[in-house]
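The values are calculated or read from the model by the stated rules, or taken from the named source; none is laboratory data. Computed from a predicted model, the values in this text were never measured in an experiment. Here the Cβ positions follow ideal geometry from the backbone for every residue, glycine too, while neighbour counts run over all protein chains shown.
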Amino acid sequence: MEDISFQHVFSRVYSYLCEAGIEMTSERCRQLLQLIDDAVAEVGESANQKASAETFHGSPTLGGHRLLRSAMDRLPEYFTLPEVKIPTPAPDLCRGSIGYRCRG
């Protein structure tokens with residue numbers, strides 16, 4: 001699997017926040033950059049620990065997929081995400097609504 005770039009990680013997290021209804025002000029963009037910086041530090045440390053056991057493909061990389069996972073895991077620490085509310089089904093689901101007839 002091909003690694004993803006830092007810009008791609010930023011774009012994915014930024015888009016996620018926008019779709020979650022968070023208005024991205026300049027302060028929130030700085031928070032996002034800090035979040036990614038902390039994720040880079042975490043992934044870089046784990047990559048350095050594995051460097052003796054693993055060989056990275058081509059040039060040194062921080063593992064974009066690991067970086068994205070780390071950034072997404074850290075989101076609740078940096079941003080207040082809205083609670084997901086699942087709507088109730090209407091009309092109420094009951095046996096008759098899916099075509100079964102009462103046996104009598």
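A few comments on the model shown:
- Looking across A47, A71, one residue alone is surrounded by 10 or more Cβ atoms within 10 Å (Cβ to Cβ), in contact with a helix residue (DSSP H, G or I) (Cβ under 9 Å, 6 or more places away or on another chain), closer than 30 Å to C18 by Cβ and at pLDDT 90 or above. It is A71.
- Filtered residue count, the range 6-21, keeping only those that are surrounded by 12 or more Cβ atoms within 10 Å (Cβ to Cβ) and more than 15 Å from R74 (Cβ to Cβ): 3
- Qualifying residue in the range 26-34 (condition: out of contact with any Gly (no Cβ under 7 Å at 6 or more places or on another chain), more than 14 Å from E77 (Cα to Cα), at pLDDT below 95 and of a type in the set (D, E)): no
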